[in-house]
Amino acid sequence: MSGTSYTDGTSGLSYTHGTSGTPLLGDTIGANLDRAVAAWPDREALVDVPSGRRWTYARFAADVEELAYALLASGVAKGDRVGIWAVNCPEWVLVQYATARIGAIMVNINPAYRTHEVEYVLKQAGVSLLFASLGHKTSDYRAMVEQVRGRCPQLRETVYIGDSSWEALAGRGTPGPYEVLSCDDPINIQYTSGTTGFPKGATLSHHNILNNGYFVGELIAYTEQDRVCIPVPFYHCFGMVMGNLAATSHGACMVIPAPSFDPAATLRAVQDERCTSLYGVPTMFIAELNLPDFATYDLSSLRTGIMAGSPCPVEVMKRVVAEMHMAEVSICYGMTETSPVSLQTRRDDDLEHRTATVGRVLPHIETKVVDPATGVTQPRGTAGELCTRGYSVMLGYWNEPEKTAEAVDPGRWMHTGDLAVMREDGYVEIVGRIKDMIIRGGENIYPREIEEFLYAHPKIADVQVVGVPDERYGEEVLACVIARDAADPPTLEELRAFCEGRLAHYKIPSRLRVMDSFPMTVSGKVRKIELRENHAARG
């Protein structure tokens, strides 16, 4: 349990505080990397499976240093914004650590963004230098940057990963002193995927993300012996904090299986690199388990990993533990604005805690569940909005003080927008988003409950439940499903018969849509708003 416990604070109320005998780190990210290099110079730090390139900690630190000096020579100073618009690759990781080394603020740009979104981020953050992939899937990043360059006056240089501009930049630097940094300096802006309007730039410090990566790694007992397979995107906290920073703060190795998620490439990387830990959102694990040749991969090196992003279905968790050898797999809950993790299951938690809850509070963090209307802390077992406070809460939304004040209250509590129940033992169940809750004829319905139930249907491989407009009841329940066998999908009648007598009548889906796949964010979350909008558009 890493010496971690929690305290009730006030008996019977939904409040917990993660006490710990392990102190917070006061380092900058650069200083923390120096510690790892001094302790394990010859251990592998980074492996890029697609290109076959490998870095020891000593070589990785040298390349980070070279890039840091090159940025300084290019006129990038402490506090300047450096954008990165790229798929997973070693250069992404080098940029992450080099910008942190000099105190520049790295701006993560979603690889799926189109021109108007990229333009917004470049202008809103005031990016002066941009690193970009040449392209990804159907996107030609170079052409898209050229389209927006004239409207982004602060952007003075673009460096493309994989062409001569990268080598030209890297060769510019000459060794010299760095500016003195504070661990509270901002060094990262991550744009949260807004469902309405443009996204907001959560601004994070060394202290925010280094400590979060470190304590996430502590709770799954990382050491320099671990090799972490990271198929989740670096542009998101899951990849760059829970992946990269958790690894380097423990001397572990970061393994990149592919530029973007590929289930077969992921399992191949685990097998060939003897990875001990594997990350993913539940849909990624489902895709891996559903590979026709899944049983042929040797995954015996695995012992742990992290599943996050959305709740894990019980049947999926059973298979991950039994068939992927991940007996110590951990569930994490968080959000970009909290660096990201606030709650996590522990290594020895049982199946029920790993599937019905998102764990309990991390060391040095407070959580509470409040009445959304009054802000008053709820009794244990009563649903309300989950709030979190501590070192992990962002500095604010970049240049948006009003939006910051809407999310972070005067007591420095971050309001998550998630509906949660805190159990007597301090573990937290997420019962839905406040905005995802379905209200049918005055009854509150939490989609997760119905989804969990429908996962047991023999014809269903994956399911998402959303509320759709209905003249009579206000909202009705729509089940969007991916069939196990595309040739034999479930019918609405079969679905309703399966639910009859086992779910309350108002929770039984009245509508069904069979789909090939769900609309996803790049970080692997299902876009429920799109499922609702698509239904409305189809009528």
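Side notes on the structure shown:
- Net charge in the neighbourhood of R227 (other residues with Cβ under 9 Å of its Cβ; Lys, Arg +1, Asp, Glu -1) is -2.
- Protection proxy ranking of 271-284, 202-215, 67-80, 172-185 - average other beta-carbon atoms within 10 Å, highest first: 202-215, 271-284, 67-80, 172-185
- Apportionment of accessible area to carbon and sulfur, segment 306-345, percent (1.4 Å): 58
- Straight Cα distances below 17 angstrom link K459 to the aspartates and glutamates E315, E451, D485, D488, E493, E494, E500, D516, with same-chain residues fewer than 8 positions distant left out.
- Cα centroid of segment 502-539 to Cα centroid of segment 91-119, whole Å: 32
- With protein chains left intact and a 1.4 Å probe, residues in segment 327-456 average 36 Å² of accessible area per residue.
- Note on segment 1-118: antiparallel DSSP beta bridges, both residues inside, total approximately 65 percent of the bridges counted.
- DSSP-defined antiparallel bridges as percent of all bridges, the chain, nearest 5: 60
- Segment 209-356 shape via C-alpha gyration tensor axes, a/c threshold 1.5: rounded
- Nearest-10 value in Å² for the accessible area of D348, using the 1.4 Å probe: 110
- Three-way shape label, segment 10-137, alpha-carbon gyration tensor, a/c 1.5: oblate
- Sorting 222-234, 109-121 by their mean Cβ neighbour count within 10 Å, with the most densely packed peptide first, gives 222-234, 109-121.
- When the surface is traced with a 1.4 Å probe over the full set of protein chains, F198 keeps roughly 100 Å² accessible.
- Set of lysines with alpha-carbon distance to K200 below 21 Å, sequence-local pairs under 8 removed: K123, K403, K435, K525, K528
- From most to least packed by mean Cβ count within 10 Å, the peptides 326-334, 312-320, 465-473 give 326-334, 312-320, 465-473.
- Helical contribution to [θ] at 222 nm, DSSP H n ≥ 4, -39,500 (n - 2.57), averaged over the chain, rounded to 500: -8000 deg cm²/dmol
- For the pair segment 182-233 and segment 430-481, the centres of their Cα atoms are 31 angstrom apart.
- Three-way shape label, segment 32-104, alpha-carbon gyration tensor, a/c 1.5: oblate
- Of all accessible heavy-atom area on segment 156-260, the percent that carbon and sulfur account for (1.4 Å): 55
- Within the shell of other residues whose beta carbon sits under 10 angstrom from the beta carbon of I434, the net charge comes to -1, with Lys and Arg scored +1 and Asp and Glu -1.
- Among residues other than I105 with Cβ under 10 Å from its Cβ, the summed charge is 0 (Lys and Arg +1, Asp and Glu -1).
- Inter-probe distance in nm under a simple model that places probes 7 Å from Cα toward Cβ, at I434 and E500: 4.0
The values are calculated or read from the model by the stated rules, or taken from the named source; none is laboratory data. It should be emphasised that the depicted structure is a prediction, and the values quoted were computed from it without experimental measurement. Heads up, the Cβs are rebuilt from the backbone with ideal geometry, glycines too, and the neighbour counts pull from every protein chain shown. Ligands, DNA and RNA are excluded from the accessible area calculation, which covers all protein heavy atoms including side chains. Shrake-Rupley method; radii C 1.70, N 1.55, O 1.52, S 1.80 Å.
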